[in-house]
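Peer 1: This structure is in structure tokens; I'll ask about it shortly.
Derivation of every value follows stated rules applied to the coordinates shown; laboratory data play no part. What you see is a predicted model, and the numbers here were worked out from it, not measured in a lab. Neighbour counts run over all protein chains shown; Cβ positions are idealised from the backbone, glycine included.
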Amino acid sequence: MTQQDGGLQTAGRLDHIGVSKILQISARARELKGEGRPVIVLGAGEPDFPTPDNVKAAAIAAIEADDSHYTPLDGTPELKQAIRQKFARENDLEFGIDQITVACGAKQVIFNAFMATLDEGDEVIIPTPGWASYEDMVGICGARMVPVAGRPENGFVIDAEDLEAAITPNTRWLLINSPGNPSGAVYTREDYAPLLEVLKKHPRVWLLADDIYEHIVHDGVEFATPARIAPELRDRILTVNGVSKAYAMTGWRIGYAAGPKALIRAMAVVQSQSTSCPSSISQAASVEALNGPQDFLAARQQSFAERRDLVVDALNRIDGIDCPSPKGAFYTYASCAGLIGRSTPGGERIDSDTDFCRLLLEQAYVAVVPGSAFGLSPFFRISYATSIDELGEAMARISRFAAELVEG
Ligand SMILES: Cc1ncc(COP(=O)(O)O)c(C=O)c1O
């Protein structure tokens, strides 16, 4: 079936892909701002830091050196070498250059992997709450996402039994994102181990590890990646990462992955007919990001941890909201179950997390994202990648909004 929109007949593959809730909320927040309302948006999926100066300088040098041509399809040799060294240095993983691919963001890496491997009727197991884009990417490829719910009391990590129960003859991939968007879930080596045991029993199922938030972990938790934990599964693991979150380079659009050669080759075929190659300038900048000084990462991580504590403490003081303290990324995923069934002083009833987020935006001018956008309700996601002052003001507004709600 296709959609009709102003005479345009869109492809059937778009039928189940809607405008994301996050974009709808951002649009409404922009409208309110345009009307002069003091809106605070806690929805950003990106660090609020600038790109480091040495990285900017490398990009400027690349422009001045006329490094402005198409590069090899899936990355320059220099960047692939820097990525190879990153995996060896930080993850104790050795890859050949032909096992590495570079794309316009981790998002394109994941899209390439799904386009290269998924057929109609295939299934991809994705823990919920999970990044909404995964489901849409799977859907565009004609496959189906199979959700497995993470347990809030377990830091939103999924259980091995639940994984095993979700596997069918059609399962092609398990996708794990750790540290995770939107819940901040971090799979430790111990959390991964039983899941990897399940995968060993199912040789048809591959594992995509989305490690994009690797450098944002809190409370001394040690980041773990499955290719390192289970070397015997390495011939069916794709390890995805990128410079967006660690180096505050979301707009530069560089992501990368390492995995089995045949998959990497197939992904390059997909990329060859979409973007040809990532930007030459961004690739030069990314070489410097990966090879240059890394000491600023610890300070940025500390700054995120302080902001997380501010938000978690403030939310847990609010009657009706319960916020576990996430171990990674820059998001909190709080339950608003205690507010369901309450009403605003004007008589609008909150029946879902979507209602809560809508009313919070319309009446307290704070934009957060409902759990329904990520497949697990009733929760809401806050991105705390914004200034302490703004976070403080937003928490005060959420607190006042909740305090004014009445039962029924
Ligand atoms: C879980 C997750 N994976 C991947 C991405 C994409 O990152 P990139 O900017 O590298 O495309 C994001 C961005 O928000 C994300 O949250």
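Peer 1: Based on the alpha-carbon gyration tensor of region 16-156 and its eigenvalue square roots a ≥ b ≥ c, which shape applies: rounded if a/c is under 1.5, prolate if not and a/b is larger than b/c, or oblate?
Peer 2: oblate
Peer 1: Next question. Where in region 366-385 does the amide nitrogen come within less than 13 Å of the point 7 Å from the Cα of S352, taken along Cα to Cβ?
Peer 2: 370-379
Peer 1: Looking at the chain, identify the longest residue range that excludes and avoids all GluC sites (Glu not before Pro) in DSSP loops having at most 15 other Cβ atoms within 10 Å.
Peer 2: 223-347
Peer 1: If you don't mind, another one. Hey, for a label at V221 modelled as a point 7 Å past Cα toward Cβ, could you say which residues of region 132-172 have their backbone N under 15 Å away?
Peer 2: The answer is 150-159.
Peer 1: Normalised by the residues of region 1-89, what does the relative contact order come to in percent, with Cα pairs under 8 Å and at least six apart?
Peer 2: For region 1-89, the relative contact order is 12 percent.
Peer 1: Taking Cα pairs under 8 Å and at least six residues apart, what relative contact order does region 98-223 come out at, in percent?
Peer 2: Once normalised by length, the contact order is 23 percent.
Peer 1: Is region 144-298 rounded, prolate or oblate when judged by the Cα gyration tensor, a ≥ b ≥ c being the square roots of its eigenvalues, rounded requiring a/c under 1.5 and prolate requiring a/b larger than b/c?
Peer 2: Judged from the Cα gyration tensor, region 144-298 comes out oblate (a/c at least 1.5, b/c at or above a/b).
Peer 1: Roughly how tilted is helix 106-117, in degrees to the nearest 10 and between 0 and 90, from the longest Cα axis of the chain?
Peer 2: For helix 106-117, the angle is close to 60 degrees.
Peer 1: Here is a further query. Which value at 222 nm does the chain reach when only helices count, each DSSP H run of 4 or more adding -39,500 (n - 2.57), with the total divided by all residues and rounded to the nearest 500 deg cm²/dmol?
Peer 2: -12000 deg cm²/dmol
Peer 1: Testing the spin-label approximation: label points 7 Å from Cα along Cα→Cβ at D389 and E78. State their distance in nm.
Peer 2: So the label points at D389 and E78 sit 4.0 nm apart.
Peer 1: Any aspartates and glutamates with Cα under 19 Å of the K201 Cα? List them, leaving off those in the same chain fewer than 8 positions away.
Peer 2: Here the aspartates and glutamates satisfying the reach criterion relative to K201 are D122, E123, D159, E161, D162, E164, E190, D191, E232, D235.
Peer 1: Grab the Cα-Cα distance for E120 and A403, subtract it from 0.36 nm times how many residues apart they are, and report the gain in nm with one decimal.
Peer 2: That pair, E120 and A403, stretches by 97.0 nm at full extension.
Peer 1: Would you mind checking the tilt of helix 53-64 against the longest principal axis of the Cα atoms of the chain, expressed as 0 to 90 degrees and rounded to 10?
Peer 2: 50
Peer 1: Using label points projected 7 Å from each Cα along Cα→Cβ, tell me how many nm separate K261 and A299, to one decimal.
Peer 2: Using points 7 Å along Cα→Cβ, the separation is 4.4 nm.
Peer 1: How much net charge surrounds I254 when only other residues with a Cβ under 13 Å from its Cβ are counted (Lys, Arg +1; Asp, Glu -1)?
Peer 2: +2
Peer 1: In addition: Can you give me the angle between helix 280-291 and the longest principal axis of the chain, using Cα atoms only, in degrees from 0 to 90, rounded to the nearest 10?
Peer 2: 90
Peer 1: Take every DSSP beta bridge with both residues inside the chain and express the antiparallel ones as a percent of the total, to the nearest 5.
Peer 2: In the chain, approximately 55 percent of DSSP beta bridges are antiparallel ones.
Peer 1: Here's something else I'd like to know. Search the structure for amide H atoms under 5 Å from the amide H of G328, placed 1.01 Å from N in the peptide plane, and list their residues when 5 or more places away or on another chain.
Peer 2: The answer is H218.
Peer 1: Which FRET efficiency value, to the nearest 0.05, is calculated for K200 and N316 with the Förster distance at 56 angstrom and r the Cβ-Cβ distance?
Peer 2: In this case the efficiency is close to 0.90.
Peer 1: Given axes a ≥ b ≥ c from the Cα gyration tensor, I'd like to know whether region 257-370 is rounded (a/c under 1.5), prolate (a/b larger than b/c) or oblate.
Peer 2: Prolate.
Peer 1: Cα to Cα, under 29 Å, and not fewer than 8 places away if on the same chain: which lysines meet these conditions relative to K245?
Peer 2: K21, K33, K56, K80, K86, K107, K261, K327
Peer 1: While we're here: Normalising by the residue count of region 178-293, find the relative contact order in percent from Cα pairs under 8 Å and 6+ residues apart.
Peer 2: Averaging sequence separation for qualifying contacts and normalising by length gives 21 percent for region 178-293.
Peer 1: Could I ask something else about it? For every other residue with a beta carbon closer than 12 angstrom to the beta carbon of A62, add +1 if it is Lys or Arg and -1 if Asp or Glu, then tell me the sum.
Peer 2: After counting each charged neighbour, the total is -4.
Peer 1: May I ask you to evaluate 6.51 cos²θ - 1.76 cosθ + 1.60, the Karplus curve with θ = phi - 60°, for each residue of region 201-218 and list the ³J(HN,Hα) values in order in whole Hz, giving x for glycine and proline?
Peer 2: 7, 10, x, 7, 8, 9, 10, 9, 9, 8, 9, 4, 9, 3, 8, 10, 10, 10
Peer 1: Suppose every Lys and Arg Cβ carries +1 and every Asp and Glu Cβ carries -1, with no other charges. What dipole size does region 1-129 come out with about its Cα centre, to the nearest 20 debye?
Peer 2: 580
Peer 1: With label points built 7 Å along Cα→Cβ from the Cα atoms of A57 and R37, find their separation and express it in nm.
Peer 2: The two pseudo-label positions are separated by 4.5 nm.
Peer 1: Given a Förster distance of 35 Å, report the FRET efficiency between R30 and D66 from their Cβ-Cβ distance, rounded to the nearest 0.05.
Peer 2: Efficiency, rounded to the nearest 0.05: 0.35.
Peer 1: As an exercise, use a Förster radius of 35 Å and the Cβ-Cβ distance of E90 and N170 to find the FRET efficiency, rounded to the nearest 0.05.
Peer 2: 0.50
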